[in-house]
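Bear in mind that the values in this text are calculations on the coordinates, not laboratory data. For clarity, every value in this text was computed on a predicted model and none was experimentally measured. No Cβ is skipped: glycine too gets one built from the backbone with ideal geometry, and neighbour counts run over all protein chains shown.
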Amino acid sequence: MEKTFMKTKRNDAIKALLASTFALSLVGLLPASGLTQEADTPTNSWQRILDFLTKERQDSGSQSQGVSRGSICPVSFTEEAVLWHTRPLLVWQGQSFPGTGIRQTSPDLPVWVATATETEAGIWQMPYTGTALEPGTQYEWLFYFMGSSNPDSPVKWVQFQVLAAEERDRIAVDLANLEAQLQEADEETIALARADYFIANGLSADALQEIFAVSDPSEVLLETRSAIVQATCGDSAN
């Protein structure tokens, strides 16, 4: 698991410089010199994030092939992801399920099961609403054909881990400082800055959560979401 986390942090110095420069210019703390005017627009900022996430998933070969009895393509995160969020947003392409849940890797029974809502065509979202997941703990994201009536037999699961407490606390402070600089910004602008920050810190799954959690997305953000799903799933969930 540690190897996976370290792999996602490659080129951190370059990405951190890009992210911090963008965030500071966003709130007027840095002049636009050194960045083109075009690069400062939300459209190009979302495009930069999309390009990075697309390349990362292509490099890792993480495109889903679905499962029997209907294709499933997890979008939020792929196998062995590391998350800062302790209440992840679960997003996938394909079909709905009577039950989708989360459990720790060792116990058989899920810690939480619920039903998802379709947001965009063929894209399902379900915010985790259970007790906050434990830092440093491994979990599995589950899909059930029979819902909670058959809790021991998920048809597919994706393993992931919550970041250790010390690292989570450091990031929480950074995010609080970032949001303090963006007090007057709207939800999507804040999500963009947070997504940039998570990418700079090698936490792509958390960046994806920011992208899909915006409640009233702009057209460019909707296009970004669609492109991420296509890059992740291809035609596997059609």
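Using the per-residue mean of other Cβ atoms lying within 10 Å as a proxy for protection, in what order, highest first, do the peptides 185-194, 201-210, 110-119 fall?
Numbers: 185-194: 18.6, 201-210: 23.4, 110-119: 15.9.
Highest mean packing first, the order is 201-210, 185-194, 110-119.
Report the extension gain between residue 137 and residue 95 in nm, rounded to one decimal, defined as 0.36 nm multiplied by the number of residues separating them, less their alpha carbon distance.
Working: separation 42, 0.36 × 42 = 15.12 nm, distance 2.85 nm.
Contour length minus the Cα-Cα distance gives 12.3 nm.
Across region 82-122, what fraction of all alpha-carbon pairs, as a whole percent, falls in each successive 5 Å bin from zero upward?
Taking all Cα pairs of region 82-122, the binned fractions are 5, 17, 25, 23, 20, 7, 2 percent.
Can you run the Rg to Rh ratio on region 136-215? Use alpha carbon positions and the Kirkwood inverse-distance Rh. Show your work: numbers first, answer last.
Numbers: Rg = 16.3 Å, Rh = 14.8 Å.
Here the Rg-to-Rh quotient is 1.11.
Given a Förster distance of 45 angstrom, what is the FRET efficiency for residue 218 paired with residue 172, based on the Cβ-Cβ distance and rounded to 0.05?
Working: r = 27 Å, r/R0 = 0.60.
In this case the efficiency is close to 0.95.
Once you have the Cα-Cα distance between residue 165 and residue 145, take 0.36 nm times their residue separation minus that, and quote the gain in nm to one decimal.
Values: separation 20, 0.36 × 20 = 7.20 nm, distance 3.41 nm.
Working it through step by step, the gained length comes to 3.8 nm.
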